[in-house]
Amino acid sequence: MPRKLLTTLLTVTLAAGLAACGSVKDESSTSSDSSSGDAKGSSAFPVTVKHKFGSTKITEEPERIVVIGDGGTDDVDALYALGVTPVAVSKDAFAADGVHPWLKDRVDTKKTKLLDTMNGVDFEEVAALRPDLILATSDFTLEKNYQKLSAVAPTIGYETAWGKQTWQEHVQVVAKAVGREEQAAKAIKDTEDSIAEVRSKHPGLEGKTYSLSMGNTPAKIFTIASEEDFAAKLMSEVGLSLTPSVKNIKTVSGSPTGELSFEQLDKLDADLVVIAFTTPQLKKAFESSALVKNMSAVKEDRYVVTDVATISQLRSPSVLGIPWALDNLETGFAKLDK
């Protein structure tokens, strides 16, 4: 998997039709023409959004949007960044209230229903919401769900393959679908500016190395092992480079995710070591290792334990989540300024 694999692995570890409403049509031919508008409310329509599963033509501004996806928050973030409130979204299965932490001030559960889709989509529940558009560009189960979802309402999927689109591209796709392309440019710029601000604030990051990992399995650590990972690209934008010692390790199914046994933990050493654990026991086991205790990052206080949501957001960056995740690493970034 090209992106978000740590999130997916965590999900797997911890987990286990009506006619279309409104004014949107699904056209299953991949040769349909693509059109665009000026992104000013209803004047932006009609538009046609192409994706892997066909083309979705939208003739009027959608009013009842449902977001399906346990593989990221790109669609949800994009809607709220564009000032659009969905009628329902897939909930964050790892948050007590079901809301992604960076969206807590935006999601009003009286207006937006939280759907439990971790163990599968309840298509009848989705249909009962009478959606006129379903956004599912972050749904890693869409290959098997698309036909059923599109039978409920017109559905927009990922462009070519799950996890290939950048966070900017996700915003642009959603903006086109809801007729707010002008607002998209500002939303993207605001987030890009927040990244640039981190780099400007912390000149000590320039040229330094890091490792970014997750401990969710006994005696094993999953870590970024390629600069092609979305998190690696984001970290490079603030001036950091992936530590060379993890670049040639065993990867998971050819993805950017590396796998380390506890006999290889010294490979994580870098100018900044960032890791999250799913349980206190896993954290204790990791920190009890002599290899970890002897890391220069540990000895020199450049070892940072963050939470799973932060690692997942870095690996699956979204327009509103990026500033939140980078802010959570502020303490670590400051250590490199000394």
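The values are calculated or read from the model by the stated rules, or taken from the named source; none is laboratory data. The model shown is predicted, which means the values in this text are computed figures rather than measured ones. Cβ sites come from the backbone with ideal geometry, for glycine too, and all protein chains shown count toward neighbours.
Checked against (1) at pLDDT below 95; (2) within 13 Å of SER211 (Cα to Cα), VAL252 meets all criteria but (2).
Which of the strands (runs of 3 or more DSSP E) contained wholly in the range 1-89 include at least 2 residues that are at pLDDT 80 or above and within 16 Å of LEU133 (Cβ to Cβ)?
Numbers: elements: 24-27, 47-51, 54-58, 65-67.
Strands (runs of 3 or more DSSP E) meeting the threshold: 47-51, 54-58, 65-67.
Return yes when GLU206 is surrounded by fewer than 14 Cβ atoms within 10 Å (Cβ to Cβ), of a type outside the set (A, V, I, L, M), at pLDDT below 95 and assigned by TED's automatic domain parsing to the domain that holds ASP307 and no when it is not. The answer is no for GLU206.
Please go through the range 77-107 and pick out each residue that is closer than 19 Å to GLY120 by Cβ and not charged (D, E, K, R). Spell out the reasoning first.
Taking the range 77-107 as the starting set, the residues that turn out to be closer than 19 Å to GLY120 by Cβ are 88-94, 98.
The answer is ALA88, VAL89, SER90, ALA93, PHE94, GLY98.
Taking interchain pairs and intrachain pairs at least six residues apart, which have beta carbon atoms under 7 angstrom, with the first residue in the range 97-119 and at positive phi and the second of a type in the set (A, V, I, L, M, F, W, C)? Final answer for the pair search is GLY98/LEU114. When residues in the range 216-242 are screened for being over 28 Å from VAL319 (Cβ atoms) and surrounded by 15 or more Cβ atoms within 10 Å (Cβ to Cβ), 1 of them pass.
Would you check if ILE221 is closer than 23 Å to GLY163 by Cβ and assigned to a strand (DSSP E or B)? In short, yes. Give the residues of the range 156-204 that are outside any helix (DSSP H, G or I) and aromatic (Phe, Trp, Tyr), sorted by residue number. Matches in the range 156-204: TYR158, TRP162. The residues of the range 199-252 that are of a type in the set (Gly, Ala, Ser), more than 23 Å from the chain's Cα centre (by Cα) and under 21 Å from GLU330 (Cβ atoms), listed by number, are SER200, GLY204, GLY207. Is it true that ALA95 is in the same structural domain as GLN147 (by TED's automatic domain parsing) and either among the basic types (Lys, Arg) or surrounded by fewer than 21 Cβ atoms within 10 Å (Cβ to Cβ) (or both)? Criteria met by ALA95.
Somewhere in the range 100-123, is a residue in the same structural domain as VAL171 (by TED's automatic domain parsing), in a loop (DSSP other than H, G, I, E, B), at pLDDT below 95 and over 25 Å from the mean Cα position of the chain (by Cα)? No, that holds for no residue.
Return yes when GLU159 is of a type in the set (Asp, Glu), surrounded by 14 or more Cβ atoms within 10 Å (Cβ to Cβ) and either modelled with pLDDT of 95 or more or not assigned by TED's automatic domain parsing to the domain that holds VAL66 (or both) and no when it is not. Can you show your working first?
Working: of a type in the set (Asp, Glu): yes; surrounded by 14 or more Cβ atoms within 10 Å (Cβ to Cβ): yes; either modelled with pLDDT of 95 or more or not assigned by TED's automatic domain parsing to the domain that holds VAL66 (or both): no.
For GLU159, the condition - of a type in the set (Asp, Glu), surrounded by 14 or more Cβ atoms within 10 Å (Cβ to Cβ) and either modelled with pLDDT of 95 or more or not assigned by TED's automatic domain parsing to the domain that holds VAL66 (or both) - is not met.
The set of residues from the range 174-191 being more than 15 Å from PRO317 (Cβ to Cβ), surrounded by fewer than 24 Cβ atoms within 10 Å (Cβ to Cβ) and of a type outside the set (D, E, K, R) comprises GLN183, ALA184, ALA185.
Cβ separations smaller than 8 Å between residues 6+ apart or across chains give the following pairs from the range 282-293 residues that are among the hydroxyl-bearing types (Ser, Thr, Tyr) to residues that are in a helix (DSSP H, G or I): SER289/PHE262; SER289/LEU265.
Just one of (1) assigned by TED's automatic domain parsing to the domain that holds ILE68; (2) within 27 Å of ASN328 (Cα to Cα); (3) not basic (Lys, Arg) fails for ASP190. It is (1).
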